[in-house]
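To keep things clear, I will list the structure first and then write my remarks on it.
The values are calculated or read from the model by the stated rules, or taken from the named source; none is laboratory data. Keep in mind it's a predicted model, so treat the numbers as computed, not measured. Quick reminder, even Gly has a Cβ in these numbers, built from the backbone with ideal geometry, and neighbours come from all protein chains shown. Each accessible area value is taken on the protein alone, full model and side chains, heavy atoms only, with ligands, DNA and RNA left out. Shrake-Rupley method; radii C 1.70, N 1.55, O 1.52, S 1.80 Å.
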Amino acid sequence: MSLLHPNRESPTMATSAPFATAITAIRSTVGPTNIGLLGLLIGLSIFFGSIAGPQLFSGAGLRSMAFQLPELGLLSLAMLIPLLSGGLDLSIIATANLSALAMAWMCTHVLPGSSALTSTLWIMGALMAGLVVAALVGTVNGWLIAYLRVSPILATLGSMTVVKGVAVGLTHGGVISGFPASIRFLGHGLVLGIPAALLLFVVVAMPVSVMLTRSPLGVRVAMIGSNERATSYAGVDTKRVLMRVYLFSSLLSALAGLVMMARFDSANAAYGESYLLVTILAAVLGGVSPTGGFGRVSGLVLALVILQLISTAASMIDLGQFITLSIWGATLIGVAGTGALRTWWGKHKLRG
Amino acid sequence: MAERWRHLRSVPEARLLGAVVLLSVILAITTPRFATVQNLMDLATSTAFTGILATGLLVVLVSGGVDISFAATASITQYIGLTLANHGVIGWSGLIFVCLLIGALLGLVNAVLVSTLRLSSIIVTIATQSLFYGLLMSVTKGQDIYSLPDWFSEGLHWVFYTDSHGAQQALNFQIVSLVVVVAFTWWMMSRTSVGRQIVAMGGNPEAARRVGFKVFQLNLIVYCFMGMIAGLASLVHAQYVQSVSPSALVGRELDVLAAVVLGGASLNGGVGSVPGTALGVVLLAVLQNGLALLGVSSYWSELCTGIVILVAVATMARQRAHRKAVLQEVVA
């Protein structure tokens, strides 16, 4: 992962003019938020590297980060798209769990025959079932938000409770486990030394990034986030766009559910609930405007790497898993505080 | 008469009251246990924690903000308060005072950050929730407190009725706290200048600032009030479950939010009432109690709650759209 070694673009080499223009070009494509995040990442790497020692960046250290990142990563992507549109999707975790349960049930209960072909087809069928369940939730969310004009927080708060209610009701809070090897591979396997789940995350995140920045849909999502009414007056069918926003969010949740069930070797109605608010935290830390309109996948990925670095380092120096949560919260407050301080300082200078 | 009836039907509180009464009547007829003093007292005792928090959260919502950190705040106040009480440092009044004080201090942190960071309050309080909860879990190592002082385990009781068999019905700490908080908040929001200023600020913060309201001070009051409410609620919960667990409360924020929203409060600020919130809490509590009494498996109660929330928010949104359409017609 090149993001972990970002100091290739070190500005100390800016001595001649071509270098200077190159750096300006890099700066404008990377963006000020991402430069700030890169700086924070480098600073934290040096800080934790000096405390935890070199094993933090050893193969094992990096691999443990790479194994943990994808589930939060996929969930954060699922949160990112609604956030960009000026909304929020509180039902992502519940949706991830319900689709994981659907997939898990298909994988464990009705396996027809044991030949390689039928079981592979059946696993594909199970994945489809999970995606269909998620699509259903996403459509209901989109319909409530786009057509009934329910505020996104309330609509998804309600659907979160309903979806979790269905999952708890059907499973009685129990666990479904015992998956075929191919699913376990997604949670624990390596492809060329890289965790399979991380590859899945990269394969999903890149098209999402392209879609959000380069496709008409992505631009419309950001326009809605900036000013929904103006977007609608500009001739955009905002309802259709919003329907897709929540559909995509749910489908990404289903993929996160798949990764979670592969990693835990089981599916349950209440896995990963503490991730819900963390995904919002990660997105905002990654420069996504909480009121919508602005934000990039690259910023989110940087924020996720930062959060993961903090988490891995904290567990290496034996600080316990919960101090991580504190540091995450403090990091967001610190980053926002620095921004506020800078604006205040700018105004101060203008006046003085 | 018909006109007045139509007007009444458009008041959200009246519709909620109708739903609660209808549900209660059905339950009273179908289950022999629902309409007993014992069941209603138990219901009030078990709902007090949510009810108290919902009342506090209402004030934050009306002011135009959201607070997600109150459960973390409550976990901290109850842990510190009862640790001190276990060491014999403080008694009942000291315990309540300490919890209110710590709650207010943590609320102060929220208020300062919300006012200075230019981030929406939901983001700020998600961050402080992580911060508070992470610190609490790290310091306590997640360990529960099982042995509480005798006077606390005993609780407070005010006997109001003794029946012919000598069985006593008493108001307990939970119910009295709930009634006091609801009554005080109702008075504050509808009868005091501060309360009306909070409503005005939620309705239009920029206008409130230009009129000369001290927005920072109002935020300070709102978030400190929420913190103090969380402090009191934490004691209500600890006394009810007879133990303190640092991880028991966090994760229930959204349930409380759902109850407040059900009571007609808007997330955009300026709209919401204490009676409405109380009815929202009562509706959800009666629904779950009723399902249990009717023998519905507790595994399905969350689904029923979710359906009620979805139906309620969808209805409210439709009404708002309808009102807007009528207004536009009038203007045109």
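Hey, what did chain A get for relative contact order, percent, Cα under 8 Å, at least 6 apart?
Numbers: 500 pairs, mean separation 105.9, N = 352.
Relative contact order for chain A comes out at 30 percent.
Rounded to a whole number, what % of the accessible area of chain A do carbon and sulfur atoms account for, probe 1.4 Å?
Numbers: 10620 of 15640 Å².
Accessible surface attributable to carbon and sulfur in chain A totals 68 percent.
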Under a Gaussian network model of chain A whose springs join Cα atoms within less than 10 Å, the largest fluctuation of A:Tyr233, A:Tyr246, A:Tyr275 belongs to A:Tyr233
When the convex hull of its Cα atoms is projected in every direction, mean area for the protein assembly as shown (nm²): 38.1
Taking a probe of 1.4 angstrom, what is the accessible area of B:Phe173 in Å², to the nearest 10? 10
Tilt of helix A:32-52 relative to the longest C-alpha principal axis of chain A, in degrees (0 to 90, nearest 10)? 80
Provide the solvent-accessible area of B:Val25, counting protein heavy atoms only and rolling a 1.4 Å probe, rounded to the nearest 10 Å². 80
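Could you do me a favour and compute the accessible area per residue for the stretch A:156-253, 1.4 Å probe, result in Å²? Walk me through the numbers before you get to the answer.
Numbers: 4590 Å² over 98 residues.
Using a 1.4 Å probe on heavy atoms only, each residue of the stretch A:156-253 averages 47 Å².
How many Cβ atoms of partner chains, on average, are near each residue of A:150-156 if near means within 10 Å of its Cβ? Don't jump to the answer; show the numbers that get you there.
Values: counts 8, 8, 1, 7, 13, 5, 0.
Mean number of neighbouring Cβ atoms from other chains: 6.
Which FRET efficiency value, to the nearest 0.05, is calculated for B:Thr36 and A:Met128 with the Förster distance at 51 angstrom and r the Cβ-Cβ distance? Mind showing how you got there, number by number?
On the way: r = 51 Å, r/R0 = 1.00.
After rounding, the FRET efficiency stands at 0.50.
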Accessible surface, the stretch B:5-127, averaged per residue in Å² (probe 1.4 Å): 40
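Contact order normalised by length for chain B, with contacts defined as Cα pairs under 8 Å and 6 or more residues apart; what percent is it? Please report the intermediate quantities before stating the final value.
Details: 475 pairs, mean separation 109.3, N = 332.
Over chain B, the number comes to 33 percent.
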Hey, how many Å between the Cα centroid of the stretch A:19-92 and the Cα centroid of the stretch A:168-247? 18
Karplus 3J(HN,Hα) series, Hz, for the stretch B:138-155 with 6.51 cos²θ - 1.76 cosθ + 1.60 (x for Gly, Pro): 5, 5, 8, 6, x, 7, 7, 10, 9, 8, 10, x, 4, 4, 7, 4, 4, x
Mean-position separation - Cα centroids, the stretch A:305-350 and the stretch B:154-195, in angstrom: 43
Computed curve, chain A, Cα-only Debye sum without solvent term, log₁₀ I(q)/I(0) at 0.14 Å⁻¹, is -1.22
Which value in nm describes the separation of the simple spin-label points at B:Val25 and B:Thr83, placed 7 Å from the Cα toward the beta carbon? 5.3
Dipole axis of the protein assembly as shown (+1 Lys, Arg; -1 Asp, Glu on Cβ), positive-most option in A:Thr238, B:Ala238, B:Ile221: A:Thr238
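Quantify how much of the Cα-Cα distance distribution of the stretch B:230-282 extends past 15 Å, in percent.
Details: 785 of 1378 pairs.
Value for the stretch B:230-282: 57 percent of Cα pairs lie more than 15 Å apart.
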For the stretch B:276-307 and the stretch B:39-73, distance of Cα centres in Å: 16
How much mean residue ellipticity at 222 nm does chain A get from its helices, if each DSSP H run of length 4 or more adds -39500 (n - 2.57) and you divide by all residues, to the nearest 500 deg cm²/dmol? -25000 deg cm²/dmol
Just to check I understand the Karplus step: with θ = phi - 60° and J = 6.51 cos²θ - 1.76 cosθ + 1.60, what whole-Hz values come out for the stretch A:54-70, glycine and proline as x? x, 5, 4, 9, 6, x, 5, x, 5, 5, 5, 5, 5, 6, 8, 5, x
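Calculated FRET efficiency, B:Trp151 and A:Asp318, Cβ-Cβ r, R0 41 Å, to nearest 0.05? Mind dumping the intermediate values first?
Details: r = 39 Å, r/R0 = 0.95.
Computed FRET efficiency for B:Trp151 and A:Asp318: 0.55.
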Of all accessible heavy-atom area on chain B, the percent that carbon and sulfur account for (1.4 Å): 65
Between B:Phe213 and A:Lys347, what FRET efficiency follows from the Cβ-Cβ distance if R0 is 25 Å, with the result rounded to 0.05? 0.65
What is the dipole size for the stretch B:2-331, taken about its Cα centre, with +1 at each Lys and Arg Cβ and -1 at each Asp and Glu Cβ, in debye to the nearest 20? 1200
How big is the charge dipole of chain A about its Cα centre, in debye rounded to the nearest 20, if each Lys and Arg gets +1 on its Cβ and each Asp and Glu gets -1 on its Cβ? 940
Tell me the label-point distance for the pair A:Thr108, B:Val139, using the 7 Å Cα-to-Cβ offset, in nm and rounded to one decimal. 4.1
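Counting partner chain Cβ atoms within 10 Å of every residue's Cβ in B:300-313, what's the average?
Values: counts 6, 3, 10, 10, 4, 5, 11, 4, 3, 8, 10, 1, 2, 10.
Mean inter-chain Cβ contacts per residue within 10 Å come to 6.
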Just give the residues from the stretch A:312-336 buried by at least 30 square angstrom of accessible area in the all-chains context relative to the isolated chain, probe 1.4 Å, and say none if nothing qualifies. A:Phe322, A:Ile323, A:Leu325, A:Ser326, A:Leu332, A:Ile333, A:Ala336
Net charge within 12 Å of A:Gly178 by Cβ-Cβ distance, Lys/Arg positive one each and Asp/Glu negative one each, not counting A:Gly178 itself? 0
